[in-house]
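To start, the structure under review is shown below, and the notes come after it.
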Amino acid sequence: MSSISSDIIRGYNDTMILYLLWDAPSYGYEISKRIRNLSEEKYAIKETTLYSAFTRLEKNGFVESFADSDMVNGKRRTYYRITEQGRQYYREKCAEWTLTKEVVEKFIRQDGGM
Amino acid sequence: METIRNYLETMFASLPNTFEVQKAKNELLQMMEDKYTELIKDGKTENEAVGIVISEFGNLDELAEELGISSFVIQENQKTTGGYRNVTLAEVKDYLHDRTRSAYAVALGVFLCIISVCGYLVYFRGGWHVRIVLATSFMFIAIAAAVGLFIFAGFVMGKWKFFRERACSVDFATAEYVHNRRESFRVTRSMMITIGVILCILSVLPVIVVGSLFGWSIGFGVVLMFVFVGIGVFLLVAAENVNAGFTTILSLNKRGTVGGSFVPSQKQVTYRNDTISKVMSVYWLTVTCIYLCWSFLSFDWHITWIVWVIAALVQQMLKAL
């Protein structure tokens, strides 16, 4: 089974995180777990990658962080919330992806080169 | 969980101890902790869970830019190839063992030096020159034994010279181990110092007591005085030397880094003025010398202690300069 090259997916980690924050704030581990589940175990984001994405997103004003207690066991965690700028950025990324996919798709043979 | 924490601390040990780095460390620990808890809940064994968490952790290089430490990461990588010596826990245990042995050897040597003159003060039967011969032999034997002990101590410690000559570091678990050892030695150390100081202060007592009880043999009182001072100094030297061993290890890591959290925080007094800092390096030695000279010459022990009070005041004043 082929695995995802981290070079390729790096540009879309931000998109995935913003997608997951779209409806409600979330925290580090929950996001990494949901990425794994949604990708059907095909992509597992490393902790360092995730943290570096968080700091970058926050620096650019796309997310905000705040400390809060977990609903389930009351543990203090850092939560992230998407901002209006973040939503705007997400829309741009989606458009960019559609275009990218369209272009790259043209160079993928139907038979996969078999 | 302890393994994960140690792993993370070790990864971060050589990074600068800044707010961003601490925050990153805490966040990463939080994520790893969550993941670990969930894996355990899913029925994984502790070892499996630790293995998975650590293997999926990633690489700190990725964070370099965000943490503003890219120059640091590169620097550190160069240093490791340039012979940054990592001292293992086994080596540290060895070192502390040797250091303790040599501490007691040096202390015993000092004790022997102090009591070496006692032979001249003891009264025993025999002719005048027999006494001189015996006293002198005792002195030389004591000094020879002391020198032997000093050489032995130097020999034992010779193996560890590289601590000073090369850049060394210890990992977090080792630093914590040494820190705990030092903490548990703290009570012993303060006992040794207290008793040592008390013995030094009380050392004049035998002279007075013996002198007033048996006027004829004041020599015996002086012998006791030397023995008191000897034991007192033995305790002080041993306590400080053993403690210095812990401090040496803990100071290997640079203070500004995360791994340097255990670097003894006692403030190193720095003098702004160069001349004063030179004077201060021999200050307490000079004060001790003045105290002893004045005391022994005048025998005004009841008043000579004032030297220490004045010395402390003068030091405070010099610090302000």
Unmet requirement for residue B:26, which otherwise passes all of (1) loosely packed, with under 15 Cβ neighbours inside 10 Å; (2) over 38 Å from the mean Cα position of the chain (by Cα); (3) modelled with pLDDT of 80 or more: (2)
Kindly provide the set of residues from region A:64-85 that are away from every other protein chain (no Cβ under 11 Å) and under 21 Å from residue B:65 (Cα atoms), ordered by number. A:64
From A:41, A:30, which residue is within 14 Å of chain B (Cβ to nearest Cβ), in a loop (DSSP other than H, G, I, E, B) and out of contact with any Leu (no Cβ under 6 Å at 6 or more places or on another chain)? A:41
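Can you find a residue in region B:176-183 that is loosely packed, with under 15 Cβ neighbours inside 10 Å and at negative phi? Steps first, answer last, please.
Of all residues in region B:176-183, those loosely packed, with under 15 Cβ neighbours inside 10 Å come to B:180, B:183.
Applying the additional criterion that residues be at negative phi yields B:180, B:183.
Yes: one or more hits.
Of everything in region B:157-190, what is among the small types (Gly, Ala, Ser) and within 28 Å of residue B:6 (Cα to Cα)? Give them in sequence order. So that I can check it myself, show each step before the final result.
Keep residues of region B:157-190 that are among the small types (Gly, Ala, Ser), which gives B:158, B:167, B:169, B:173, B:175, B:184, B:190.
Scanning region B:157-190 gives B:167, B:169, B:173, B:175, B:184.
Working only within region A:69-101, note down all residues that are in a strand (DSSP E or B) and in contact (Cβ under 8 Å) with a residue 40 or more places away in the chain.
A:77, A:78, A:79, A:80, A:81, A:82
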Those residues of region B:37-54 which are within 39 Å of the chain's Cα centre (by Cα) and either within 13 Å of chain A (Cβ to nearest Cβ) or not in a helix (DSSP H, G or I) (or both) amount to B:53, B:54
Taking the stated definitions as given, is residue A:61 out of contact with any strand residue (DSSP E or B) (no Cβ under 7 Å at 6 or more places or on another chain) and either away from every other protein chain (no Cβ under 12 Å) or surrounded by 13 or more Cβ atoms within 10 Å (Cβ to Cβ) (or both)? yes
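Do you know which residues across region A:1-27 are at pLDDT below 85 and either exposed (fewer than 11 other Cβ atoms within 10 Å of the Cβ) or in a loop (DSSP other than H, G, I, E, B) (or both)? Reasoning before the result, please.
Step one: list which residues in region A:1-27 are at pLDDT below 85, which gives A:1-11.
Within region A:1-27, A:1, A:2, A:3, A:4, A:5, A:7, A:8 qualify.
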Looking at region B:30-59, which of its residues are crowded, with 18+ Cβ neighbours inside 10 Å and hydrophobic (A, V, I, L, M, F, W, C)? B:31, B:32, B:39, B:49, B:50, B:53, B:57
Mind counting the residues in region A:69-111 that are surrounded by 13 or more Cβ atoms within 10 Å (Cβ to Cβ) and farther than 22 Å from residue A:11 by Cα? 5
Which residues, counting only those in region A:28-42, are surrounded by fewer than 19 Cβ atoms within 10 Å (Cβ to Cβ), more than 20 Å from residue A:100 (Cβ to Cβ) and not acidic (Asp, Glu)? A:33, A:34, A:36, A:37
Just to be sure, is residue B:20 part of a helix (DSSP H, G or I), over 19 Å from residue A:35 (Cβ atoms) and more than 10 Å from chain A (Cβ to nearest Cβ)? no
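The values are calculated or read from the model by the stated rules, or taken from the named source; none is laboratory data. Only a predicted model underlies this, so the values are computations on that prediction, with no experimental measurement involved. All Cβ positions, even for glycine, are placed from backbone atoms using ideal geometry, and neighbour counts span all protein chains on display.
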